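Starting off with a structure, shown below.
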Amino acid sequence: MNVRLIIAASIISLIPFPSMAQGSVSFEQYKAQRHREFNSYKEQRRKEFEEYRRKRNEEFAEFMRRSWDDFNANPVVPKPKDETVPPVVVPKDDVVPVNPEPKPIPFEDVVPVPKPTPQPEPINPIEEVPVTPVAPTQPSVSFTYFGTTDKVRFDKKNNIRLKSLNENSIADAWLKLSEETYTNLIHDCLEIRKNHELCDWAYLMMLSEMAESVCGKGTNEATLLTAYVYCQSGYQMRLAIDEQKLILLVSSRHQIFNLPYYNLDGSYFYPFLRKGEKMNDRVQICKASFPKEKAMSLLVPKAQEFAADYKGQRTIKSERYPNVSATVRVNQNLMSFYSTYPTSMLDDNVMTRWAMYANTPMAKDVATQLYPQLKSLLAGKPQLEAVNILLNWVQTGFVYEYDDKVWGGDRAFFAEESLNYPYCDCEDRSILFTRLVRDLLGLKCILVFYPGHLAAAIRFTDSISGDYIELNGQRYIVSDPTYIGASVGMTMPRMDNKKANVILLE
């Protein structure tokens, strides 16, 4: 129930109940009357919302008939290719200092924490169309995204059909979509987003699967339905015609690597393409905009939860601490989602890309398995010992390998991916390590980027010595998950501290 209806219900509740002495109505009759009045008000408001949205869509469709121009794609922004710095292993015969001498680390810049923004919302509430005695139920369409099955209310006999791929045909189909027939479908999609706490990227992927289940895989109608529900949900999008193919362009707050883009009125729009799908550089784009539209965010502020699909489990052991061992299994549906995630940066700052991975919460099912095991091993330990245990567990429990060799190019991992795949590199280890330290020990962390290498540093509340970075009067002690065998406070050899960048984390 939205705020307006809550207010309405409160107002109705203030109406005094007629005195029984007057013999006017019984209490049950009074309750029934109030219920009818509330439902009448609710239906009136729903119709007002629907009428407002219908008019905005009529205006939008009219613009679609005459607002198409030819555009050339801007060149892709290539994913940064960093230097490759191999891991360093502390010789087994070396004595590793428990509390190294304190040494300040200079650095060039500080990258602020990327702040999530509220998800886009419809221009007004999209209320359910109530059932009627004539139509007490509504057919539904089931679909599956990342192993998770949901359904939306819709009768396929009301499906849209594009007679041809031109401005008028698309506008006519958009008007068809704006009829009440599709209202519950949009409502159900938004409910799925809310109930599953889907981030913007997951929501877009979900809409694409839904639309293909309704309209057919790879069809222009499926693209148009995806675009329509995405637009009605409050997101900024544009439509493009590439010969006989309709393309959805989505606006992003982020600059996405390795994708061509179109700069339209100062906003970046990227083609939402299926795997293996390509498009020409020059396309026709409809420049019509919808009221209150907002760009998508690629931040993942809440853990994404999909239906479970587990294949085997993995035991990870520390070399220095033989009793430190933990077993975990990871949802393969989550891995499938992460594999679609586009790497990007914010505000033209390439350093922001790692914070997006590092600030994503650990999946609840992984935390439920892993965290109790690690907490029991850390219980009662001083901060320094606890962090050194986690540090060595990450340093020695995982096999290092270069992304180019494994993936054919740079690919950062979300924390769960390092727990799933057989290999990981410095950035993956630092992302996982800082996630564990924050969640298990409650200590603040930062990432430290050297040319070709990513490390971490921790804000201890105990007095700890070693190499440190000072921020706002607080010391963050260097802790490097790729300096294998090193303890807290030791910087990996050959790091150019003068070129280091600090990346703040939540």
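The values are calculated or read from the model by the stated rules, or taken from the named source; none is laboratory data. Quick caveat: nothing in here was measured; it's all calculated off a predicted structure. All Cβ positions, even for glycine, are placed from backbone atoms using ideal geometry, and neighbour counts span all protein chains on display.
Among residues belonging to the stretch 399-429 that are of a type in the set (Phe, Trp, Tyr) and more than 23 Å from Gly485 (Cα to Cα), point out the one that is modelled with the lowest pLDDT.
Residues of the stretch 399-429 of a type in the set (Phe, Trp, Tyr): 400, 402, 407, 413-414, 421, 423.
Checking the rest, the ones that are also more than 23 Å from Gly485 (Cα to Cα) come to 407, 414.
Working: Trp407: 90, Phe414: 98.
Taking the candidates together, the pick is Trp407.
Same structure again: So if I check each of Lys81, Lys92, which one is within 30 Å of Pro493 (Cα to Cα), over 33 Å from the mean Cα position of the chain (by Cα) and modelled with pLDDT of 75 or more? Walk me through it before giving the result.
On the way: Lys81 fails: over 33 Å from the mean Cα position of the chain (by Cα).
On inspection, the qualifying residue turns out to be Lys92.
Restricting to the stretch 205-234, name every residue that is in contact (Cβ under 8 Å) with a residue 40 or more places away in the chain and closer than 17 Å to Glu277 by Cα. If you could, list the steps in order and put the result at the bottom.
Taking the stretch 205-234 first, the residues in contact (Cβ under 8 Å) with a residue 40 or more places away in the chain are 205-206, 208-210, 212-215, 218, 220-221, 224-226, 228-229, 231-234.
Result: Met205, Ser208, Glu209, Glu212, Gly218, Asn220, Glu221, Leu224, Thr226.
A further question follows. Among the residues of the stretch 436-473, which ones are among the acidic types (Asp, Glu), under 15 Å from Phe107 (Cβ atoms) and crowded, with 16+ Cβ neighbours inside 10 Å? It would help to see each step written out before you state the result.
To start, the set of residues in the stretch 436-473 that are among the acidic types (Asp, Glu) comprises 439, 462, 467, 470.
This time we only want the ones that are under 15 Å from Phe107 (Cβ atoms), so: 467, 470.
Of everything in the stretch 436-473, just one residue is among the acidic types (Asp, Glu), under 15 Å from Phe107 (Cβ atoms) and crowded, with 16+ Cβ neighbours inside 10 Å, namely Asp467.
Please specify each residue of the stretch 320-359 satisfying the condition of being at positive phi and in contact with a strand residue (DSSP E or B) (Cβ under 8 Å, 6 or more places away or on another chain).
Just the residues of the stretch 320-359 that are at positive phi, to begin with: 347-348.
The one that is at positive phi and in contact with a strand residue (DSSP E or B) (Cβ under 8 Å, 6 or more places away or on another chain): Asp348.
Can you tell me which residues in the stretch 288-301 are out of contact with any helix residue (DSSP H, G or I) (no Cβ under 8 Å at 6 or more places or on another chain) and surrounded by fewer than 14 Cβ atoms within 10 Å (Cβ to Cβ)?
Answer for the stretch 288-301, where residues must be out of contact with any helix residue (DSSP H, G or I) (no Cβ under 8 Å at 6 or more places or on another chain) and surrounded by fewer than 14 Cβ atoms within 10 Å (Cβ to Cβ): just Lys292.
Considering only the stretch 69-88, how many residues are within 21 Å of Asp404 (Cα to Cα) and surrounded by 11 or more Cβ atoms within 10 Å (Cβ to Cβ)?
Let us first name the residues in the stretch 69-88 that are within 21 Å of Asp404 (Cα to Cα), namely 76-88.
Now restrict to residues that are surrounded by 11 or more Cβ atoms within 10 Å (Cβ to Cβ): 76-77, 79-80, 82, 84-88.
Residues meeting the conditions: 10.
Please note which strands (runs of 3 or more DSSP E) are completely contained in the stretch 101-166 and include at least 1 residues that are closer than 30 Å to Met356 by Cβ and outside the structural domain of Lys498 (by TED's automatic domain parsing). Reasoning before the result, please.
On the way: elements: 109-111, 140-145, 148-153.
Of the strands (runs of 3 or more DSSP E) lying wholly inside the stretch 101-166, those with at least 1 residues that are closer than 30 Å to Met356 by Cβ and outside the structural domain of Lys498 (by TED's automatic domain parsing) span 140-145, 148-153.
Further question: On the basis of being β-branched (Val, Ile, Thr), in contact (Cβ under 8 Å) with a residue 60 or more places away in the chain and not in a strand (DSSP E or B), does Thr360 make the cut? Before you say what the answer is, go through the steps one by one.
Values: β-branched (Val, Ile, Thr): yes; in contact (Cβ under 8 Å) with a residue 60 or more places away in the chain: yes; not in a strand (DSSP E or B): yes.
Criteria met by Thr360.
A follow-up question, please. Based on what the data block shows, is Val250 under 23 Å from Met356 (Cβ atoms), in contact with a Pro (Cβ under 9 Å, 6 or more places away or on another chain) and modelled with pLDDT of 95 or more? Let's see the steps before the verdict.
Working: under 23 Å from Met356 (Cβ atoms): yes; in contact with a Pro (Cβ under 9 Å, 6 or more places away or on another chain): yes; modelled with pLDDT of 95 or more: yes.
Yes, satisfied.
Still on this structure, please answer the following. If Phe107 satisfies every condition in (1) within 24 Å of Asn220 (Cβ to Cβ); (2) in contact (Cβ under 8 Å) with a residue 24 or more places away in the chain but one, which is the exception?
(1)
Report the residue count in the stretch 233-255 for those that are surrounded by fewer than 20 Cβ atoms within 10 Å (Cβ to Cβ), among the hydrophobic types (A, V, I, L, M, F, W, C) and farther than 16 Å from Glu167 by Cα.
Residues flagged as surrounded by fewer than 20 Cβ atoms within 10 Å (Cβ to Cβ), among the hydrophobic types (A, V, I, L, M, F, W, C) and farther than 16 Å from Glu167 by Cα within the stretch 233-255 amount to 0.
Also: What is the number of the single condition among (1) surrounded by 19 or more Cβ atoms within 10 Å (Cβ to Cβ); (2) closer than 24 Å to Met296 by Cα that Phe154 does not meet?
Looking at each condition in turn, Phe154 falls short on (2).
Quickly run through the stretch 204-232 and pick out the residues that are surrounded by fewer than 24 Cβ atoms within 10 Å (Cβ to Cβ) and among the hydroxyl-bearing types (Ser, Thr, Tyr).
Once the filter is applied, which keeps residues that are surrounded by fewer than 24 Cβ atoms within 10 Å (Cβ to Cβ) and among the hydroxyl-bearing types (Ser, Thr, Tyr), the stretch 204-232 yields Ser208, Ser213, Thr219, Thr223.
I would also like to ask the following. Could you tell me which numbered condition Ala173 fails, if it satisfies all but one of (1) in contact with a helix residue (DSSP H, G or I) (Cβ under 9 Å, 6 or more places away or on another chain); (2) surrounded by fewer than 14 Cβ atoms within 10 Å (Cβ to Cβ)?
The one condition Ala173 does not meet is (2).
Which numbered condition trips up Ser339, out of (1) without any contact (Cβ under 8 Å) to a residue 40 or more places away in the chain; (2) under 19 Å from Tyr357 (Cβ atoms); (3) in contact with a Lys or Arg (Cβ under 8 Å, 6 or more places away or on another chain)?
Among (1) without any contact (Cβ under 8 Å) to a residue 40 or more places away in the chain; (2) under 19 Å from Tyr357 (Cβ atoms); (3) in contact with a Lys or Arg (Cβ under 8 Å, 6 or more places away or on another chain), Ser339 violates only (3).
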